[in-house]
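Colleague: Right, I'll just put the structure down here and ask away after.
The values are calculated or read from the model by the stated rules, or taken from the named source; none is laboratory data. All values reported here derive from a predicted model rather than from experimental measurement. As a convention, Cβ positions derive from the backbone with ideal geometry for all residues, glycine included, and neighbour counts pool all protein chains shown. All accessible areas refer to the heavy atoms of the entire protein, side chains included, with ligands and DNA or RNA removed. Shrake-Rupley method; radii C 1.70, N 1.55, O 1.52, S 1.80 Å.
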Amino acid sequence: MMQGIGASSGIAIGKSFVLPNWEWELPDQKIDVSDLAKEFDRLYEGIRTSKDEIEQIKDELAEVVGTEERNIFDAHLAILSDPVFMNEIQGIIKRQYKAAEVAVKEAIDHFVTMFDLLDDEYMKERALDIKDVGNRLLKHLLGAPEITLPSDTQPFILVAREISPSQLAHLNPKHVLGIATIAGSTTSHSAIMARALGIPLVVGLDPQLEELIETGDLVVLDGDTGRVITDPSEEEIASYTTQQQLQAEYQNRLKSLAGVQAMTPDGKELELGANISSLKELEVALQVGAHGVGLFRTEFLYMDRNRFPLEEEQYDVYKTVAEQLNGKPLIIRTLDIGGDKQLDYFELEEEDNPFLGYRAIRICLDRKDLFKTQLRAILRASAYGNVKVMYPLISSVEEVRAAKAVLEEVKDELKQEGKPFNPAIENGIMIELPAAVSIADFLAEEVDFFSIGTNDLVQFALAVDRMNEKISHMYQPFHPAVLRMLKATVEAAKRKGIHVGVCGEMAGDLRALPVWLGLNVDELSMSAHAILPVKERLLSTCRSDSEELLEQLWKCRTAEETIHLLEEFKRSADNKHPAEAARRPC
């Protein structure tokens, strides 16, 4: 038995296929000065072909995964256009008179080695992206064939030193039972892709993995616990087969809840909406019975292109979503770029602290032309459904009033043009800054609803970048300070009689459900795949029990104490059959 890290849940039992570790060893091939132009032509042709191939992968994935996963390949396209990477390759060709493929290989090795030496998990993961893109370019320069995988008729567990997003994109998820790798992490692009495709994945395994497992070996892979068992006994196979069956039964039970009203046994109804960034994700949300869309991340409409989207392009998407929701609420968040979300065609000045800098509502209020284009599209779509508009990264009353003033300007323009829209469209804001929490009572007088963005709220409240591995353990959503901020925000909203929801990752965390029930929030919005597990737990969780638990949580002085109480509460619920619990009086 080998222990790794579970990066994508699920159990796989089957024969292995060990992916060859394709590393090209190239001779140090020199070229004549007269061949420089030819080598540059070969390089540029390889880049063009590689870009076309990546665009084709994105198109093929459109029917399988959401925009967020496809945008991984925008990062790959960006590498092929990155001046630092390209200058390194061009410099080796020009100054050292080396063949294009040799220059590409040396550049890959240089950057991968440099990133691997950095004590930063994010940069180490980007090294795999560079290798992925570089190997694609090398393949075209060398005229090498793709790695051949087993026939689709024989499902297998893939074993590899590492697996790239490109390789995952070429796999048929119906015939890949699971994946085991030495390299990788739970936040890598490959892990994101595996979760989107529903393939169990274990990363961080023994470096001798490829020697310990041979193609054709029987393997058990547990993507939840991170265990990989070679040559399993009959008892182990029977045990994991039973677990597989239980998981399948659980998934079927969840599917049956799609049309069930989300209400506690003692009558507290909670709207369970979906966070989406594409029409594909909307389709999944509707299949699981989402109450509506609690967060439409519109920035992805801006990322998958080389220019700002036109009003008509945005309008068509918003209108389609509104119509498909058929009267269910659609909360559209206005453009939230900056920080970790950059646009290749909209150059932002380099900042020492981009997360605290020029981003989100600050850009929109500064670039009213962009803001008005988006608001026009949102308002016009509001004629076709229950559309609401929400502003991100609000820190002051002035920002809210300024945003609403621009919205009124756009309303006046549309009136004059005779274009229909909902004049009473609701305005809301994201509560994701400590400043917004502190003045939540003032802000509640300015808007129709709050949506608490717990991801940024936790990071800003605790001054912790969760992508920084040195301090990521300090990212504590259940820190007493965070809980007090949540309490203050919800109470301010309730006093003013406005709707309050949650749209960060905590919304889909089963441990947090009694917190939301105890605080009496109106809505939780989460990834579509989390809706049914949350609904199942909701159907058997009494609000009265949650309120009692909350009184104990306010006394906790550490995140550890809080988590202990929440997990005890969750374990107690796990021991009750949901159907029986739903019938019992609270």
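Colleague: Being part of a helix (DSSP H, G or I) and open to solvent by 40 Å² or more (accessible area, probe 1.4 Å) is the requirement here; does ASP456 meet it?
Modeller: Details: part of a helix (DSSP H, G or I): yes; open to solvent by 40 Å² or more (accessible area, probe 1.4 Å): no.
No: the conditions fail for ASP456.
Colleague: Sticking with this structure for a sec: Please enumerate the residues belonging to the stretch 378-398 that are out of contact with any strand residue (DSSP E or B) (no Cβ under 9 Å at 6 or more places or on another chain) and either over 26 Å from VAL502 (Cβ atoms) or basic (Lys, Arg) (or both). Break it down stepwise before answering.
Modeller: Residues of the stretch 378-398 out of contact with any strand residue (DSSP E or B) (no Cβ under 9 Å at 6 or more places or on another chain): 380, 383-384, 395-398.
Matches in the stretch 378-398: ARG380, ALA383, TYR384.
Colleague: OK, next. Please go through (1) open to solvent by less than 20 Å² (accessible area, probe 1.4 Å); (2) in a helix (DSSP H, G or I) for GLU561 and return the number of the only condition it doesn't satisfy.
Modeller: Unmet condition: (1).
Colleague: Can you pull out the residues in the stretch 389-407 that are outside any helix (DSSP H, G or I), in contact with a helix residue (DSSP H, G or I) (Cβ under 6 Å, 6 or more places away or on another chain) and hydrophobic (A, V, I, L, M, F, W, C)?
Modeller: Within the stretch 389-407, VAL389, LEU393, ILE394 qualify.
Colleague: Let me ask another. Please verify whether the stretch 286-293 includes one or more residues that are open to solvent by less than 50 Å² (accessible area, probe 1.4 Å), in contact with a Pro (Cβ under 8 Å, 6 or more places away or on another chain) and farther than 29 Å from PRO533 by Cα.
Modeller: Residues of the stretch 286-293 open to solvent by less than 50 Å² (accessible area, probe 1.4 Å): 288-290, 292-293.
If we keep only those that are in contact with a Pro (Cβ under 8 Å, 6 or more places away or on another chain) as well, we get 292-293.
Then drop every residue that is not farther than 29 Å from PRO533 by Cα, which leaves none.
There is no residue in the stretch 286-293 that is open to solvent by less than 50 Å² (accessible area, probe 1.4 Å), in contact with a Pro (Cβ under 8 Å, 6 or more places away or on another chain) and farther than 29 Å from PRO533 by Cα.
Colleague: Within the stretch 244-267, can one find any residue that is touching a strand residue (DSSP E or B) at 6+ places or on another chain (Cβ under 9 Å), open to solvent by 50 Å² or more (accessible area, probe 1.4 Å), in a loop (DSSP other than H, G, I, E, B) and of a type in the set (Asp, Glu)?
Modeller: So far as the stretch 244-267 goes, no, none of its residues is touching a strand residue (DSSP E or B) at 6+ places or on another chain (Cβ under 9 Å), open to solvent by 50 Å² or more (accessible area, probe 1.4 Å), in a loop (DSSP other than H, G, I, E, B) and of a type in the set (Asp, Glu).
Colleague: Something else now. Of everything in the stretch 186-199, what is assigned to a loop (DSSP other than H, G, I, E, B), open to solvent by 10 Å² or more (accessible area, probe 1.4 Å) and in contact with a strand residue (DSSP E or B) (Cβ under 6 Å, 6 or more places away or on another chain)? Give them in sequence order.
Modeller: The one that is assigned to a loop (DSSP other than H, G, I, E, B), open to solvent by 10 Å² or more (accessible area, probe 1.4 Å) and in contact with a strand residue (DSSP E or B) (Cβ under 6 Å, 6 or more places away or on another chain): THR186.
Colleague: Can you name every residue in the stretch 97-119 that is under 10 Å from GLU39 (Cα atoms) and of a type outside the set (A, V, I, L, M)?
Modeller: Scanning the stretch 97-119 gives TYR97, LYS98, GLU101.
Colleague: How about the stretch 63-102: which of its residues are at pLDDT below 80 and more than 24 Å from PHE346 (Cβ to Cβ)? Working first, answer last.
Modeller: Of all residues in the stretch 63-102, those at pLDDT below 80 come to 63-72.
Residues satisfying the conditions are GLU63, VAL64, VAL65.
Colleague: Here's a follow-up. For the stretch 341-388, enumerate the residues that are assigned to a loop (DSSP other than H, G, I, E, B), touching a helix residue (DSSP H, G or I) at 6+ places or on another chain (Cβ under 7 Å) and buried (at least 18 other Cβ atoms within 10 Å of the Cβ). Can you show your working first?
Modeller: Initial filter on the stretch 341-388 (assigned to a loop (DSSP other than H, G, I, E, B)): 342, 344-345, 347-353, 357-360, 367, 385.
This time we only want the ones that are touching a helix residue (DSSP H, G or I) at 6+ places or on another chain (Cβ under 7 Å), so: 344, 385.
Selection gives GLY385 alone.
Table: residues versus (1) within 31 Å of the chain's Cα centre (by Cα); (2) open to solvent by less than 60 Å² (accessible area, probe 1.4 Å); (3) not charged (D, E, K, R).
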| site | (1), (2), (3) |
| --- | --- |
| MET86 | yes, yes, yes |
| GLN90 | no, yes, yes |
| ALA99 | no, yes, yes |
| LYS105 | no, yes, no |
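Colleague: Do you know which residues across the stretch 318-339 are surrounded by fewer than 19 Cβ atoms within 10 Å (Cβ to Cβ) and within 23 Å of LYS58 (Cα to Cα)?
Modeller: Scanning the stretch 318-339 gives a single hit, THR320.
Colleague: Next up: So for the stretch 410-431 (the condition being open to solvent by less than 10 Å² (accessible area, probe 1.4 Å), more than 24 Å from GLU323 (Cα to Cα), in contact with a Leu (Cβ under 9 Å, 6 or more places away or on another chain) and not in a strand (DSSP E or B)), does at least one residue qualify?
Modeller: no
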